[in-house]
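> Pasting a structure here, questions to come.
Just so it is clear, none of the values below were taken in a lab; they were calculated from the coordinates. Being a predicted model, the structure only gives us computed values, none of them experimental. Virtual Cβ from ideal backbone geometry, glycine too; neighbours counted across all protein chains shown.
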Amino acid sequence: MPRSLTYALREAALFFEPFSFVSTLPEESRTPLWEVLLVDMAVIATLVGQADGKLDIPESVFASVFLRYPFLSEAERKEFEQWGLLDERTKGELVAHAQEIFERVGTPQIENLKSPAVLREVSGAVGDPALYEKYAASMYRFAYVISKADEHFGEKESEILATLWRVLGLKGAAPAIEGEVPSEPLATVLAELDALVGLDPIKDSVRTLANLLLVQAERGRSNLPVQSLTLHSVFLGPPGTGKTTVARLFGRILKSLGVLKKGHVVEVDRAGLVADYVGQTAEKVDEKVKEALDGVLFVDEAYALIPKGDGSDYGNEAVDTLMKRMEDLRDRLVVIVAGYPEEMQRFLNANAGVRSRFTRFFTFDHYSTDELVEIFSRLCTRGQYQMSEQAGQYLKEEEQRYSDTKDHTFGNGRLMRTLFEQTLERHAARICKMTPLTRELLVTLELKDIPPMRAVSFERDG
């Protein structure tokens, strides 16, 4: 398979996340909705794929995206096997099956897509106005990636995408095709931010900044003076509290607002910026800055760049170089530095120029007991596991007992992921020799499967 098509399929799979809500709907409405969604995706993939006169993309889309997407439950997989989309088919059979679908729905046309109306209705029924926006943005981005997969883009593909933009009801003018993959609507990214566990003060601060940038953009379009804003930020907080996750969303928000062209995030620490020999540190910093241009450079544990006491090393050179690049490239680069609150003061006080570069501070607190339990529960849901009533109660009690020992090194969400992984290991050890391995055994986590929190923490701390 060509590298361009492999890339397209990988990217297309990422755009399907908004459709995971289907698994939460009542069973009687789930299958009909799935059929509408997948038929429309097949129509789009085929129309775009055969725009150059050859049907050489949709079959791979079926095989690599539709047939293997991980959020399908076992019951849903059986339904799709009966519907004919999840069995092992050859390339030719997949094309033939696509044609069978089109015979049922009529001549495939973008104007005849059924899913926009269905998704608008579902969005209203579940009380989530942003749901349709997520769907529409994902559908368009899917079509865009497929259109570029064969490294050939012509007038026909452009016409199809312009029609899709209009049919989906996306706001504004369709983006230029030869540029970056179009930005997501701001509402889509903010909805992902809102869906994170806890972090209410952080969510409020990010939304406030987004509103400010949105208004400034509108002022610019109305020929009014626009305030120049410094977006370099400091994320303060213990590990596992969502700093990296929020940084990634931050970059996507800035892209959706047109502040950054790409909005990608380059993550780096001391080892990625500081060299062992004189003259090499500035080069390492410049390499990372170049990689992060038009996006976000996220420096984790930034305080490690400044040694304790009176000692000095090439970390100071890294800081000086970074500060200069932040000033010179302030329109194309946003830098976020992160770390423990107390240690970060050492970084900010490194010299007068450091603190003045950062004007936005976001403080991430420890998760509460209920929030930690919610994180663990979401990991279970994502992996299609469920806790027994006793296991759920034990987890909450264990979290409460352990919460009194929290210090600045407490792992928070990271610790929950480690706890979940070790729980799965104990669960597997418990059931592996049982016969038969029923679905109930495979998905149910019992009290004995969950290790003590303190033991998990000690393992993490070494």
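> Go through 371-381, 242-252 and give me the packing order, highest mean Cβ count within 10 Å leading. Walk me through the numbers on the way to the answer.
Values: 371-381: 19.5, 242-252: 21.2.
For the peptides 371-381, 242-252, the packing ranking is 242-252, 371-381.
> Right, another one. Given axes a ≥ b ≥ c from the Cα gyration tensor, I'd like to know whether region 299-360 is rounded (a/c under 1.5), prolate (a/b larger than b/c) or oblate. Each step should come with its number before you reach the end.
Working: a/c = 1.93, a/b = 1.44, b/c = 1.34.
Prolate, because a/c is 1.5 or more and a/b exceeds b/c.
> Determine the gain in length on full extension of the stretch residue 264-residue 426; use 0.36 nm per residue of separation and subtract their C-alpha separation, reporting nm with one decimal.
On the way: separation 162, 0.36 × 162 = 58.32 nm, distance 3.75 nm.
Net length gain for the segment: 54.6 nm.
> May I pose another question? How would you classify region 188-363 from its alpha-carbon gyration tensor, with a ≥ b ≥ c the square roots of the eigenvalues: rounded for a/c under 1.5, else prolate if a/b is greater than b/c, otherwise oblate? Please report the intermediate quantities before stating the final value.
On the way: a/c = 1.96, a/b = 1.49, b/c = 1.31.
In terms of gyration-tensor shape, prolate.
> Using +1 at the Cβ of each Lys and Arg and -1 at the Cβ of each Asp and Glu in region 220-365, identify which of 297, 268, 230 lies farthest towards the dipole's positive end.
230
> At a 10 Å Cβ-Cβ cut-off, how would you order 264, 232, fewest neighbours first?
In increasing order of surrounding Cβ atoms, one gets 264, 232.
> Something else: Work out from phi, with θ = phi - 60° and the Karplus expression 6.51 cos²θ - 1.76 cosθ + 1.60, the ³J(HN,Hα) of each residue of region 131-144, listed in order in whole Hz, and give x for Gly and Pro.
Each residue of region 131-144 in turn: 4, 5, 4, 4, 4, 4, 5, 5, 4, 5, 5, 4, 4, 4 Hz.
> Would you mind checking which residues have amide H under 5 Å from residue 387's amide H? H placed 1.01 Å from N; only 5 or more apart, or other chain.
445
> With the cut-off at 22 Å, tell me which of the pairs 243/448; 243/288; 255/290 have Cα atoms farther apart than that. Walk me through the numbers before you get to the answer.
Details: 243/448 32 Å; 243/288 20 Å; 255/290 17 Å.
Exceeds cut-off: 243/448.
> Based on other C-beta atoms within 10 Å, arrange 41, 326 from fewest to most. Write out the running numbers ahead of the final one.
Values: 41 25, 326 20.
In increasing order of surrounding Cβ atoms, one gets 326, 41.
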